Amino acid sequence: MKYSKLFSKTNKTAPADADCINAKYLVQGGFVDQEMAGVYTWLPFGLRVLHKVENIVREEMNVLDAQEIFMPCLQPREYWETTKRWDSVDILFKIKSQTEKDYALGATHEEVVTPLAQKFIQSYKDLPFATYQINTKFRDELRAKSGVLRGREFRMKDMYSFHTNLEDLNEFYARALQSYLKVFSRCGLQVKAVEASGGIFTQNQSHEFQALTSAGEDLIIACEKCEFGQNSEVATLNEGDKCPKCGGVLNKVKGIEVGNIFNLGTKYTDAFDVNFTDENGEQKKVLMGCYGIGTSRLVGAIVETFSDDKGIIWPKSVAPFQIHLVSLGSKDATVVEQVNSTASSLHDELESAGIEVLWDDRSDISAGAKFADVDLIGIPLRLVVSEKTLRENSVEWKERNSAEAKLILSVDVIESIKSFLRS
């Protein structure tokens, strides 16, 4: 992709009301545009990152044999009255149709997925199964803040599992927990599976997943060796205690919540009277689990974790592009033509090799401004073609998380990039 063709651009200054790192860099870097408090347009750069995050999530949910669906965001009032949550969930957006009917905008989808599953559950032979979606959610947050970490409209993956017995639910719950840890690891994050209360969504066992970062808003008690942790608000252990799982030392650390899983029991199947016939012909209640990852929130957590005073430092797995190619100008028109021709050929060669490349081909921008944009946007590897590199039959190579630049012979560039991306 050529930078000159993008309709969205970076900004020299951060938004004045930015209250955290992701709010600053995602807007300044041209990843998102704020429409109002808690509501963002995802621009080309940001959407590429969001898609990569969501594809990682999708791949790991598919490994669990969960089946993807897509549920409506517009939900009838009677579903929420069935669960007695129409008046008890204060973050619920409620709208009235011109037909005088009341609807909710989906803050969560238990009220939709439970009666949906009921249509397909007859006997124990229909269970267990899990289904998930990646969709837009709406929550009427009083204090939408922290960029994409706490929005009124946001993206989320929510999965729901249905079981005949607690043993089966617990087995799937444990597998889902491990899948979540793999999702976050693939996104470059160090995450703890923290024992927590279920909040407004459940009264049973739950875990929240906390990405460890000094920019975190939550305080947790976490093991220094394994994934175990407890939210400090419900902790039964203290800093300095031994981890009950591996024996490591527990420390107080900050984190950002990026996902949660709940054992719902029969909370919603009781409300909707969802039963199955067991092997003996008896009617029993279906048990449920719920598993959520805030995918847009996850993007914000990655930025909070991986950045410096110049901009974002994207992990390779979720970066908008793998290579940021920069061509530099010259006072000599002939050299400019040679630089652009070389950069254009390299751009095409990279794309032909299946390597995602953003080429800053702008001719009216200084080298300093281009390099500032490189650091702000945060693509893992910068390649520079200039008058100097032409003389050396090479390309300048600089990794975003390194202070050093070096020259790579042009004939070795493609293989060197492939090796870099595999590492």
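The values are calculated or read from the model by the stated rules, or taken from the named source; none is laboratory data. Please read all numbers here as calculations on a predicted model, not as lab measurements. No Cβ is skipped: glycine too gets one built from the backbone with ideal geometry, and neighbour counts run over all protein chains shown.
A few points about this structure:
- Of all residues in region 150-178, those being buried (at least 19 other Cβ atoms within 10 Å of the Cβ), modelled with pLDDT of 95 or more and of a type outside the set (D, E, K, R) number 12.
- Residue match in region 89-101 (condition: surrounded by fewer than 16 Cβ atoms within 10 Å (Cβ to Cβ) and either in a helix (DSSP H, G or I) or outside the structural domain of G294 (by TED's automatic domain parsing) (or both)): no
- Residue within region 120-135 that is in contact with a Ser or Thr (Cβ under 6 Å, 6 or more places away or on another chain), of a type in the set (A, V, I, L, M, F, W, C) and in a helix (DSSP H, G or I) present: no
- Residue within region 335-350 that is under 24 Å from P44 (Cβ atoms) and of a type in the set (D, E, K, R) present: yes
- On inspection, G30 does not qualify as in a helix (DSSP H, G or I), surrounded by 14 or more Cβ atoms within 10 Å (Cβ to Cβ), small (G, A, S) and at pLDDT 95 or above.
- L298 being part of a strand (DSSP E or B), in the same structural domain as R155 (by TED's automatic domain parsing) and either touching a Cys at 6+ places or on another chain (Cβ under 7 Å) or closer than 30 Å to L390 by Cα (or both): no
- Y79 vs. criteria part of a strand (DSSP E or B) and either over 22 Å from R139 (Cβ atoms) or aromatic (F, W, Y) (or both): no
- The set of residues in region 366-423 that are among the acidic types (D, E) and more than 21 Å from F45 (Cβ to Cβ) comprises E387, E392, E396, E404, D412, E415.
- Between E279, E233, E227, E217, the distinction of being modelled with pLDDT of 95 or more and either surrounded by fewer than 17 Cβ atoms within 10 Å (Cβ to Cβ) or under 28 Å from V53 (Cβ atoms) (or both) belongs to E279 only.
- Top-ranked residue in region 307-335 [being in contact with a Ser or Thr (Cβ under 8 Å, 6 or more places away or on another chain) and modelled with pLDDT of 95 or more; ranked as surrounded by the most Cβ atoms within 10 Å (Cβ to Cβ)]: S327
- Meeting the requirement of 1 or more residues that are among the hydrophobic types (A, V, I, L, M, F, W, C), touching a His at 6+ places or on another chain (Cβ under 9 Å) and farther than 24 Å from K24 by Cα, no helices (runs of 4 or more DSSP H) wholly within region 357-423 can be named.
- Of the numbered criteria (1) touching a residue at least 24 places away in the same chain (Cβ under 8 Å); (2) under 20 Å from V411 (Cα atoms), the one S341 fails is (1).
- Residue that is without any contact (Cβ under 8 Å) to a residue 60 or more places away in the chain, under 24 Å from F120 (Cβ atoms) and in contact with a Phe, Trp or Tyr (Cβ under 8 Å, 6 or more places away or on another chain), where the choices are Q67, Q75: Q75
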